[in-house]
Amino acid sequence: MVAEHYFSATPNSDFSPREIDVTLTNQRVRVQSASGIFSPSGIDKGTAILLENVPEPEGTSFLDIGTGWGPITLTLALKNPQAQVTGVEVNERSAHLTRTNAQKLGLTNVTVYTPEEVPQDLRFDTIWSNPPIRVGKDILHNILRTWIPRLNVGGCAYLVVQKNLGADSLQKWLAHELEEQPQGTFQVSRYSTSKGFRILEVVRNA
């Protein structure tokens, strides 16, 4: 049921938005959530750890892979209103909620796409993501090999992954996969560890 909920493009449950109070960038804000998405009751533990530990986003083009109701996308937009923030989301309900929440917070610098809608030439200076580990290894790998190489030179990606769900093996796979990229050189490392989660850092050097 969990997998159907937040990996499905069109959740089966009734869409009944409700408001929840959350803290983003040290501000208490009210946003909309609903069933049929990832972590509908608030900010999940992994995302909270990511937001607490990553360095400030740099550049003018940011990406969140898998928005849910929008905690990462909204945080990136709040931190740098001059940057363009892109959210990529397959779940149409999550995408709708992220757009709605950006509008509620007065954020005009957010665009949420399905993966197929993202302009081919769009590149990113900062990527933050709590990637959907439970979709399975093959789908997860396809997601990461699609978006991580879109970093600009000098750009950084930060991914939060639970240690017991394969964070260390994912780090090794990423390093090997990015070595095979025909263009660009990447450095993959463990940025930090907190409460059973790893934050992986990918830097594009060239």
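The values are calculated or read from the model by the stated rules, or taken from the named source; none is laboratory data. Note that this is a predicted model, so its numbers are computed, not measured. So basically every Cβ, Gly included, is an ideal-geometry build from the backbone, and we count neighbours across all protein chains shown.
Here are the numbers for the structure shown:
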read-out: Some residue of segment 78-87 being among the charged types (D, E, K, R), in contact with a Cys (Cβ under 9 Å, 6 or more places away or on another chain) and at pLDDT 95 or above; value: no
read-out: Pairs, first on the phi > 0 side of the Ramachandran plot and modelled with pLDDT of 95 or more in segment 49-67, second surrounded by fewer than 23 Cβ atoms within 10 Å (Cβ to Cβ) and part of a loop (DSSP other than H, G, I, E, B), C-beta under 9 Å, six or more apart; value: G59/N80; G59/A83; G66/F38; G66/V90; G66/P131; G66/P132
read-out: Residue selected from segment 96-131 under the condition over 21 Å from S16 (Cα atoms) and of a type in the set (A, V, I, L, M, F, W, C), by the criterion nearest to the chain's Cα centre (by Cα); value: W128
read-out: Qualifying residue in segment 126-141 (condition: touching a helix residue (DSSP H, G or I) at 6+ places or on another chain (Cβ under 8 Å), at pLDDT below 95 and among the charged types (D, E, K, R)); value: yes
read-out: Qualifying residue in segment 154-174 (condition: crowded, with 18+ Cβ neighbours inside 10 Å and modelled with pLDDT under 95); value: no
read-out: Subset of segment 1-27 (residues that are outside any loop (DSSP other than H, G, I, E, B), modelled with pLDDT of 95 or more and surrounded by 12 or more Cβ atoms within 10 Å (Cβ to Cβ)); value: I20, V22, T23, L24
read-out: Filtered residues of segment 169-202 (kept if farther than 21 Å from E52 by Cβ and of a type in the set (D, E)); value: E177, E179, E180
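Conditions tested, residue by residue: (1) of a type in the set (A, V, I, L, M, F, W, C); (2) touching a strand residue (DSSP E or B) at 6+ places or on another chain (Cβ under 8 Å); (3) over 19 Å from V202 (Cα atoms); (4) in a loop (DSSP other than H, G, I, E, B).
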position	(1), (2), (3), (4)
R30	no, yes, yes, no
I43	yes, yes, yes, yes
I49	yes, yes, no, no
L63	yes, yes, no, no
T67	no, yes, yes, yes
Q82	no, no, yes, yes
R93	no, no, yes, no
T100	no, yes, yes, no
G106	no, no, yes, yes
